[in-house]
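The values are calculated or read from the model by the stated rules, or taken from the named source; none is laboratory data. Here the structure is a predicted model, which is why all the values come from computation and not from measurement. Every residue, glycine among them, receives a Cβ derived from its backbone with ideal geometry; neighbour counts consider all protein chains shown. SASA here: full protein model, heavy atoms, side chains in, ligands and nucleic acids out. Shrake-Rupley method; radii C 1.70, N 1.55, O 1.52, S 1.80 Å.
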Amino acid sequence: MQQALSSALPAAHAAPAARRRGGPGGDSVFEWACRLAGVFVLVLLGAIIVELFIGALPAFRRFGLAFVWTELWDPVADEYGALVPIYGTVATAVLAILLAVPMAFGIAFFLTELAPGWLRRPVGTAVELLAAVPSIIFGMWGFFVIVPIMAQVVQPAVIDSVGELPLIGVLFAGPPFGTGILTAALILAVMIIPFVAATMRDVFATVPPVYKESAYGLGATRWEVMRSVVLPYTRTSVVGGIMLGLGRALGETLAVTFVIGNANRVSTTLFGPGNTIASLVALEFGEAGEGSLKLSALLALGFILFVLSFIVLAISRLLLRPRAKGA
Amino acid sequence: MSGATLTGLPPKDSAAASRLGRRRRRRDRVMTGLAIISTVLGLLFLVSILFTLFWRGLQAMGPQVFTEVTRPPGSGGGLLNAIIGTVIQVGLGTVIGTPVGILVGTYLAEYARGSRLGNAVRFVSDVLLSAPSILIGLFVYQLLVLPFGGFSGIAGAVALAIIIIPIVVRTTEDMLQLIPNTLREAVMGLGSPKWKMITLICYRSVMSGLITGVLLGIARIAGETAPLLFTSLGNLTWSVSLTQAMSSLPLTIYAYAGSPYEDWVSLAWTGALLITVSVLLLNIIARIVLRKA
């Protein structure tokens, strides 16, 4: 910094007049460059929406709104509907959140209240590193490690026990392929746990220590401090963090593609194969020729995914907004 | 937060009090146990992934991985073209995306404090930060691949640039916000124009933070697969032409891992090991750079 100051100073001495004339000029150029870059980000989002919509237009024109709730996906007859991938997307994402949130909460609880000081940093870093692993690696790991475990151990056991029960048994029926909606949700859960856990940890850290200390001073246990002080204080942001995880799960592509089993029908059982929007687009894109109705249908799916994840991410950002900065 | 939510009604006699105390401690222990189990499980996932990667990835590891290009199944070969393709596209994407990201972050931190446009830009950038990367791929496909007649390395680089921008924006803004206003006032008081204050003083004082942001961004785009599927497509032969389909590690891994050939699958694991180790190392280096500051 010292260096920076001294290099700025001689210039100011040398030509004060030139600086006075040149200064504001440089200022406005730089300010406009920054502002333009800012506007560019807005344009970028607009362009993404418009381009996807333009690409999707032929499919929307052909099938109308019914596209959204049509189950049929038949490339041979050139008839397309989005119900199966939409169902798969929502089902896997919601299941993943149900699996991930309790674990992420446990990790955040451990990192903020339970872990001794020396353990916090290494465990916290490990969790963040898990978040950094590329999604295709999760896909391969899921396909080669988790799928065999599901097929040989978990699914047969569940089918024999829970699968026999009335009502909920339907969810756990069918042959144990190992792949399917539940496996995809499981992989997604592993992927979003570190995100949700890291967000929760950061949010928990914003609780003023004096609140927690007061509760501890009254004799509260650590769980009681978490439940009755930390959680009520951070409730909004915690929900925001969960929504952030949901947004990630909705659009995840490669990890899901490997393990979901790829079938274009709605199956009632969680062990059944399915498709998500992202996995279907990734798989069938190669067979969609330029200008074909199929390409347009895939882009229409992309547009629907965009709308879905935009809503979820927007809500999450609104909830996560730091409350009254500086207050 | 009141006492009532903590323990219920105050106990009347000592027996009830100790029973209540026992119950509270038991519940605390159960919850602590569950939290520890969650953490151990989470770490176990990481260990399992790393173990699988090293165990299966090292089988096909050797010098030929770095010196030979991909070959048809059964005839050996390496990953050279994929590695080079990834370096080119990630490098180009970083070079395109970083300046834009830094300018946007500067705008948010130095010019747009509290303005309506600034809030809109911040919101949109944060949404893009977590937007599904497959959609960025479809967007660039519509924008660059269809009109310009084919998949290209440059389209892949542009897709990666779009993904890195919001990452750099976030770190740049966060870092600039850390600078105390007194420093800005001191520099302005010496008669420096604002742009010199920002470029000569503010950037320098948070340089390590900016570098961290870029490193994290590179780590993120290096493993991206979905956007490249629709832009640079992948290429199983040697090609460094930016106007043609270009190979990359993630795409080669994707193609090979799903193939029925034993040697391709094990080469996919080697590629997966390479990309994961690089990404994790970048993350660790980024953390060290930030901590040194």
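How many angstrom lie between the Cα centre of the stretch B:241-293 and the Cα centre of the stretch B:32-76?
Between the Cα centres of the stretch B:241-293 and the stretch B:32-76 lies a distance of 11 Å.
Roughly how many debye, to the nearest 20, is the charge dipole of the stretch B:12-57 about its Cα centre, given +1 on each Lys and Arg Cβ, -1 on each Asp and Glu Cβ, and no other charges?
Dipole of the stretch B:12-57, to the nearest 20 debye: 420 debye.
When chain A is modelled as a GNM with alpha-carbon springs shorter than 10 Å, which of A:LEU44, A:LEU99, A:LEU270 fluctuates the most?
A:LEU44
Running a GNM on chain B with Cα contacts under 10 Å, which residue among B:GLY191, B:GLY76, B:GLY223 ends up with the highest mean-square fluctuation?
B:GLY191
Counting only complete DSSP H runs, which helices of chain B cover 18 Å or more along their long axis at the Cα atoms and score a mean Kyte-Doolittle of -1.0 or above?
B:14-57, B:80-106, B:116-130, B:153-178, B:207-222, B:262-292
For A:LEU165, project a label point 7 Å along Cα to C-beta. Then give me every residue of the stretch A:83-103 with its amide nitrogen under 18 Å of that point.
So the set is A:95, A:98-99.
Could you tell me the center-to-center distance, by alpha carbons, between the stretch B:190-231 and the stretch B:93-171 in angstrom?
First find each Cα centre; the distance between them is then 13 Å.
Mind checking the dipole of the protein assembly as shown: about its Cα centre, +1 per Lys or Arg Cβ, -1 per Asp or Glu Cβ, Debye to the nearest 20?
2740
Sort A:TRP32, A:TRP141 by heavy-atom solvent-accessible area, probe 1.4 angstrom, most to least.
A:TRP32, A:TRP141
How would A:LEU167, B:LEU200, B:LEU138 line up by accessible area, probe 1.4 Å, largest first?
Sorted by accessible area, descending: A:LEU167, B:LEU200, B:LEU138.
Hey, got a sec? Which chymotrypsin sites (Phe, Trp or Tyr not before Pro) in the stretch B:106-191 land in a DSSP loop and have at most 16 other Cβ atoms within 10 Å?
The qualifying sites are B:PHE148.
May I ask for the net charge around A:SER135, where only other residues with Cβ less than 12 Å from the Cβ of A:SER135 are counted and Lys, Arg are +1 while Asp, Glu are -1?
Neighbour charge sum, excluding A:SER135 itself: 0.
Can you list the DSSP H helices in chain A whose Cα atoms extend at least 20 Å along the helix axis and whose mean Kyte-Doolittle hydropathy is -0.5 or higher?
A:16-63, A:83-109, A:117-132, A:181-204, A:231-251, A:293-320
Which part of the stretch A:79-100 falls in the paramagnetic zone of B:LEU41, meaning amide N under 12 Å from the point 7 Å along Cα-to-beta-carbon?
Counting backbone N atoms under 12 Å from the label point, the list is A:98-100.
For chain B, which longest stretch is free of loop sites, where a loop site is one of the trypsin sites (Lys or Arg not before Pro) that DSSP puts outside H, G, I, E and B and that has at most 11 other Cβ atoms within 10 Å?
B:114-293
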